[in-house]
Amino acid sequence: MSYFVVGYYALLIGLSCLAAYYKQRTPFMLLFSLTLASFIMGIIGGVSALWTVTLAAGALALAAGTSYAFREFLVIILPRETAKEIKTAPLTASFGMFVIFTYAIAGIFAPIIAPHGESQVIASAFAPPDETMLLGADQLGRDMFSRIIFGARNSVGLALIATLLAFFMGAIGGLFAATKGGWFDQLLGRIADVIMSVPSLIFALLILSIFGTNLAVIVVVVAVIYSPRVFRLSRAVAGNVVVMDYIEAAKLRGEGTWYLIRREILPNSTAPLIAEFGLEFCFVFLLIAGLSFLGLGIQPPTADWGSMVRENATLISFGDMTPLIPAAAIALLTVSVNFVVDWMLYRSSGLKE
Amino acid sequence: MGDILRLVARRLGLGVVTLFVVSILIFFAVELLPGDIAEAVLGQSATQETVAAMREQLGLDRPAPVRYVEWLSGAVQGDFGVSLVSGERVSAAIGPRFRNTLFLAAYAAVIAVPLAIILGIIVALLRNTVFDRVANVLTLTSISSPEFFLGYILILYLSVKTSMFPAIASLSHGMSFGDLLYRSFLPALTLVLVVTAHMMRMTRAAIINLLASPYIEMARLKGVPPWKVIVRHALPNAWAPIINVVALNLAYLITGVVLVEVVFVYPGVGQLLVDAVSKRDFPVVQACCLIFAATFILLNLAADVGSILTNPRLRHPK
Amino acid sequence: MTTTKQKKDILLNIKDLRIEGYSDEKWIEIVHGIDLTLHRGEVLGLIGESGAGKSTIGLAAMGFARDGCRISGGSIEFDGMELTTTPESDLRALRGSRIAYVAQSAAASFNPAHKIIDQHTEAPIQYRISKRLDAQEDAMQLYERLRLPNPTEIGFRYPHQVSGGQLQRAMTAMAMACRPDLIIFDEPTTALDVTTQIEVLAAIRDIVDQFNTAAIYITHDLAVVAQMADTIKVLLKGNEVEEASTVEMLENPKEDYTKSLWAVRSFQRPQKLRPGGDAVPVVSVQNIDAAYGDTKVLEDVSFDIYEGMTVAVVGESGSGKSTTARCITGLLPPTKGQILFKGEALPPSYKNRTKDQLRQAQMIYQMADTALNPKVKISEIIGRPARFYSGLHGAALKNRVDELLDLIELEPSKYYNRYPPELSGGQKQRIGIARALAAEPTFIICDEVTSALDQLVAEGILRLLDRLQKELNLAYMFITHDLATVRSIADEVVVMQRGKVVEQGPKEEMFQPPHHAYTDLLLSSVPEMDPNWLTTLLEERGVDNVGEAADV
C-alpha cells in the first residue's frame, strides 16, 4: 500500500468525521459517500482509479475557486445594481460566465492569441505536441491550438448571427401576434406549427441538399428552423402581459400597437426573453456543430470545431484524445450558457421549488 | 364520452393535415432548385442531350403538381422512385436500414424511458438536496454535449482503451439477437445518455409542478403516507405530462440518431440521408425526410392523444 | 357557554409559536410568538388581513409547515402530545383522524382523478376505523346532514362535476369522516358568492355543534367569524392583537387596530337625486345584449348615469356587471342596443372612437397590481395620458403631474420617480385614480376598486373618490358585490343577475322593502356583525331555503 492510498483514505475519513462532529449534514453525506465509493473503486480500479478521483476533485476545486474569484471580480467592477444580483449567483452560473468571458476574448482577439495562422501548415500530419504546438498538429499538419482559437471566432460567431436572426424574427412575430391577435396570430401560429413538425436536423439537411452548403444558406435555414421556438415563447410571455389591466388601460387610451409593444409589453418580458436567447443559442450552436460534423456546415479550410472533430476522428482509434478537444470546446460553451440560463430562469420564475 | 372522441378525432385530423402539408413542403422544396434536378445533378459540364435524357427519364416535362400526386401516392405504397446515383429502387435501400434505425431507437428507448422516469421522480422527491443539485449539473452537462462528443468519449474509454465493446457497429444479416445488442451497445448508450438527461429534467419539472397542487397538500393533511401520495394522488394526474415527456424525447431520438449513426458507422437511415445529401441524390433525401418527419409527427400525435385520454376531467364529462 | 367549557380539558395549547419563511435566500420570521388555547368543542376564530399568518398558524396546529416554511420555536401541545418533537410518522397518524383540515378552494383541493366518496373514505379505511362499505354509508349520512342534494348519489361523482358550494360541504364532510377532535377551517367560504356562502356556513356550524368538535376558523371576514366562533383572536403581521369571547369582542374591542376593523363602514354620504328637467344623462345604456362567442352574457340591459352621481351596479360573480363595463368602454361591442354619451351614440368598438370620446370615459381597476405597469415610473404612468390627450410637455407636464399627485394626497416629490412595486396597495390604487383623472374625464368606471384592499385603506379610497366627485363633478359607475360599499357611496343602485337587470332605483328605496325576490336574497345573505344573525336568518328562511335551494 502506497502512502498515497493511506493518505487518501485518511484525509477523506478525517474530513467526514470533522463534518459529522460539527453537525454539517450535507458535507458529511457527500464526503462519506465519496469514501464508500472510493473503497469500491479502489478494489476494482486500483490506485489509478483513486488518482482519477483525486484529479477530478482537484479539477472541481479549481473550477469552483476560479468561479468564486470571478464572481467577486464581477461584483467589484460592475455597477451596484447589477453587482447585487451577481452576488446571489451560484458558483455554476459564475463558472458559466467565466467560460463565456474567456471564449469571447479568444474569439475577438484570435489573430493575436493564436501562435500560428488559421490554415498555416507547420508540421507533418498528426504531429504530437511540442514546445511550439501546445496540442499537436491536425491531419494536414496545422497547429491544433491555433485552429481551436480561430474556431471560437468562426463557430461561435456563425451561431451567434443565426441566433440573432432567429430571435429577431421570432420575437417580433410573437409580440405582434400576441398584441394583434386574430387572423394574424392564427397565420403565424400555423406556420410555426408546420416548421416545428419537422425535426430540425432533417429540415436543415433537406434545405442544404438543395441550396448547397454556403454560409448565408446555413444562417438563414437555421434561423428559420429555430424562430418558431422564439415565436411561441415571446407570444406566450407577451400573452401573459397583454391580459393585464394596464394594457387594457393603454388600449382604451387609444395607444397604437407599436407603443404597446415597446413601452408596455417589452419592459415586462425581458427576463424570459434573455433566458430564451441563451437557450436558443445552445440549440443553434449544437445544430450548426452537428452539420459541420457531418461535413455539411462550415467548409474547410476555415477552422471550425464541428469539422475539426470529423477531420481528426480517425485518431480516436489510436487512443488519442485530439478529436475530443474541439468537441469538448463545444460542450463546454453550451454547458456554460446553460448554467447561466438555468440561474436566470430560476430567478425570473421566482420559484422556491 | 362524446367530447373526448371529438377531441381525439380533431387531433387526428390535424395530424393528417400536418403530414400532408409537410409532404408538400418536402416535395416542392426540391422544385426551388435553380434550374431543375437534372441540371443540378449533372452539373454544368453536362451536354444538352444528357440533361434532356435525364429530364425524360424523371418525367420533368410534366407539371409539378401532377408529379407530386404521383410521388405521394407512390410513397403511401412504399415506392419512393429510383435513386439518381445508384439507379436502385429507393425503397430497397431504405427498407433494411429503416429496420436498423428503429431497432437502435427502440433499444435506446427501452433503457432510457424507465430509467429517466424513475430517476426523475426520485430527483423530484429529493428536490433542493445536494443530490438534486448534482443531478442538475450532470443532466445539464449531458444535454449540452453534442452527440458526437459523448460518442467519441465512449469509443475512447469503452472500446479503444478497454476493448469492452466494438467501436464500429457493423451489423450483418443472420446475427443472433444478443450479438445485435452487443454490437450496437455504444450507439444505444450514447442516445440513452442524451435522452435520459432530457427526460429526467422534464419529469422532475412535471412532478414538482404537480406536487405543488392543493390536492396533494390535502392528501398529506389527511395523513396519507408519502408513497401513497405519489401512487394514488400524484400519478393518476401525472400521466399526461409524463406521456408528453416520453413522446417528445422519442421524437428527439430521431434527430440524435442521425449523428450517432455517422459516429458509429451504423447502417441506418440517418447515414443514408447524410450520404444522399452530400451526393445530392434527391429521391433518397425526400424519402428519408418524409420518413423521419412522419415518425416525428406521429409521436407528437400519440402524445397529444395520450394526454387527452388520460385527463380525468375529460374522461368523466359533466 | 364559555364558562362551562373552560372547565373541560384543554385540547390544543400553543405557546410562543414562531414560524419562519424562506425568501431571498434567508429565513425570515413570519409568526412572532403566538399563544393559543383551545378547549374541547370550542370554536376559535382567527381573524386578520392577508399576510397576518393565519393559515400558517392553522397548519402549525397540525404540526405541518408548508414547503418554504418551518416551525422555529415554541411548543404545540395537542391533547398532551408535543407536536414539535413528535416524529413525522406519528404526526401523520394524527392528521385526518384526530385533526382534519378544510381548505379554501375545494375545487382545487379535491383530486380530479378520483370520485369524491373515494377520497372521503380514504382516511377511515387507512386508519382501519371502518370498512369500505360502512365508510361509504357513513359518508352518505354526513352528506345528508350537510344538506347536500342527492346524498346517496353525489359522492359517486368526480369533483369537477359538482358545484363549488357543494364541494365545500363535501370537503367538510370529508374532514368529519374520522370524527376528529379538531378541524381547521381555512377560509372555507372566501371563494364563494354570498348566497352560496350562507348554506356552507350553516352546514359547517350545524355539524360542528352536532359532533361537539373543536375548530379553528380562519377568515378575514369579521361578520362571518362572528357567526361561527365562541372566541375570536385578532392577528396582525404575525403578532396577536387581542383575544376575547365573540360577544365581548364585538361589543367592546380594546385595541385601536381592532376598533378600526369594526368601525370601517362609518363613512356614509347623503344620497343625491337626479338633476331635474330635461338634463341629459352622461352615459345612457340602452337595451344592450352582449355575448362571448355563442354564450349570451347580457340581455336587454338599460340604465342611465347622470352628471355628478354614483350608480352602483351590484350582483354576484357571473351576473354580467363587468361585462356591462366592457360594453361601455367598447372592449366588447354589444350585439344589440346602443350606448349614448351625453346624448350622442358611441361607436360600439373602442377602436372606432375618437380620442376625445376615449378621454371622457376612464376606468379604475380592482387589482392595482395588474392595473399599473410595474416597469414604468409613476411620473410616466400619470404623465402619459396628460401628454397623449392634452399634448403637455416639459414643465407644464411636470406641473400637471404634481397637481394630480396633490389631488390624490400623495407627496409629489416623494413619488415622482418611484415604480409601482415600491408602493402599498392603497397608494397603487390612488395612482390608478390619478391616471384616470389625468385624462380629465367626465365619467369613471370603478370596477371593484376597494375589494382587494384592507378595510381601513378601502375607506380612505372611498372618501377620496367622494371628494373628487364633488370637486370635479364626476359621474361614477361603481361595480361591486359588497353591499356595505353600496350603502356608503351610491346614489342609485342597479341589481343584476344572470345578465339581466332585475331591479334598479335610488339607493334608499332599494334598501327598503319591498324588494324584488333576488334583491331580497342578496341583501339578506350579506353577513352582519351580529353573532345571532345567521341563527335568526335561518329561522326566518328555514334551513332548506338557503343558498342554491333558494334560487329565484
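The values are calculated or read from the model by the stated rules, or taken from the named source; none is laboratory data. The model shown is predicted, which means the values in this text are computed figures rather than measured ones. Every residue, glycine among them, receives a Cβ derived from its backbone with ideal geometry; neighbour counts consider all protein chains shown.
Descriptive notes on the structure:
- When B:219, B:206, B:212, B:234 are screened for being among the small types (Gly, Ala, Ser) and more than 14 Å from chain C (Cβ to nearest Cβ), only B:206 passes.
- Looking across the range A:252-262 at every residue that is free of Cβ contacts under 8 Å to residues at least 12 places away in the same chain and in a helix (DSSP H, G or I), the one that is farthest from the other protein chains (Cβ to nearest Cβ) is identified as A:258.
- Residues (within 17 Å of residue C:447 (Cβ to Cβ) and part of a loop (DSSP other than H, G, I, E, B)) located in the range C:475-498: C:481, C:482, C:490
- For the range C:42-57, taking the residues that are surrounded by fewer than 20 Cβ atoms within 10 Å (Cβ to Cβ) and in contact with a strand residue (DSSP E or B) (Cβ under 8 Å, 6 or more places away or on another chain), the one that is nearest to residue C:99 (Cα to Cα) is identified as C:55.
- For residue C:411, the requirement of being at positive phi, within 31 Å of the chain's Cα centre (by Cα) and surrounded by fewer than 22 Cβ atoms within 10 Å (Cβ to Cβ) is not met.
- Here the range A:273-298 is the region considered, the condition is being touching a Ser or Thr at 6+ places or on another chain (Cβ under 6 Å) and assigned to a loop (DSSP other than H, G, I, E, B), and the residue that is nearest to residue B:260 (Cα to Cα) is A:296.
- Flag for residue C:51 being assigned to a loop (DSSP other than H, G, I, E, B), within 14 Å of another protein chain (Cβ to nearest Cβ) and within 30 Å of residue C:191 (Cβ to Cβ): no
- Residues being of a type outside the set (Gly, Ala, Ser) and farther than 12 Å from residue C:376 by Cα - total across the range C:404-422: 11
- Scanning the range B:272-293 for residues that are more than 8 Å from chain A (Cβ to nearest Cβ), more than 20 Å from residue B:19 (Cβ to Cβ), surrounded by fewer than 22 Cβ atoms within 10 Å (Cβ to Cβ) and in contact (Cβ under 8 Å) with a residue 12 or more places away in the chain returns a single hit, B:279.
- Listing of strands (runs of 3 or more DSSP E) fully contained in the range C:217-312 that carry 2 or more residues being in the same structural domain as residue C:362 (by TED's automatic domain parsing) and either surrounded by fewer than 18 Cβ atoms within 10 Å (Cβ to Cβ) or touching a residue at least 24 places away in the same chain (Cβ under 8 Å) (or both): C:283-292, C:295-305
- Residue within the range C:395-411 that is in a helix (DSSP H, G or I) and under 19 Å from residue A:255 (Cα atoms) present: yes
- Among the residues of this structure, residue C:81 counts as one that is in contact (Cβ under 8 Å) with a residue 12 or more places away in the chain and surrounded by fewer than 16 Cβ atoms within 10 Å (Cβ to Cβ).
- The residues of the range B:51-110 that are aromatic (Phe, Trp, Tyr) and closer than 20 Å to residue B:31 by Cα, listed by number, are B:68, B:71, B:80.
- Yes/no for residue C:282 being more than 14 Å from chain A (Cβ to nearest Cβ) and touching a Phe, Trp or Tyr at 6+ places or on another chain (Cβ under 8 Å): yes
- Restricting attention to the range B:240-268, the residues being among the β-branched types (Val, Ile, Thr) and more than 10 Å from chain A (Cβ to nearest Cβ) number 6.
- Among all residues of the range A:63-71, there is at least one that is modelled with pLDDT of 85 or more, surrounded by 15 or more Cβ atoms within 10 Å (Cβ to Cβ) and aromatic (Phe, Trp, Tyr).
- Residue match in the range C:332-350 (condition: in contact with a helix residue (DSSP H, G or I) (Cβ under 6 Å, 6 or more places away or on another chain), crowded, with 17+ Cβ neighbours inside 10 Å and touching a residue at least 60 places away in the same chain (Cβ under 8 Å)): no
- Selection count where residues are within 14 Å of another protein chain (Cβ to nearest Cβ) and farther than 28 Å from residue B:292 by Cβ, scope the range A:164-214: 4
- Checking residue A:283 against (1) more than 13 Å from residue A:144 (Cα to Cα); (2) within 10 Å of chain B (Cβ to nearest Cβ); (3) surrounded by fewer than 23 Cβ atoms within 10 Å (Cβ to Cβ), the condition it does not meet: (2)
- Residues of the range C:112-128 that turn out to be part of a loop (DSSP other than H, G, I, E, B) and out of contact with any Asp or Glu (no Cβ under 9 Å at 6 or more places or on another chain), as a count: 5
- Unmet requirement for residue A:86, which otherwise passes all of (1) in a helix (DSSP H, G or I); (2) touching a residue at least 24 places away in the same chain (Cβ under 8 Å); (3) under 22 Å from the mean Cα position of the chain (by Cα): (2)
- Checked against the criterion of being among the β-branched types (Val, Ile, Thr), surrounded by fewer than 21 Cβ atoms within 10 Å (Cβ to Cβ) and within 12 Å of chain B (Cβ to nearest Cβ), the range A:312-319 has at least one qualifying residue.
- Within the range B:145-154, being in a helix (DSSP H, G or I), within 7 Å of another protein chain (Cβ to nearest Cβ) and surrounded by 23 or more Cβ atoms within 10 Å (Cβ to Cβ) holds for B:148, B:149, B:152.
- Identity of the residue in the range A:263-272, part of a helix (DSSP H, G or I) and crowded, with 21+ Cβ neighbours inside 10 Å, that ends up farthest from the other protein chains (Cβ to nearest Cβ): A:265
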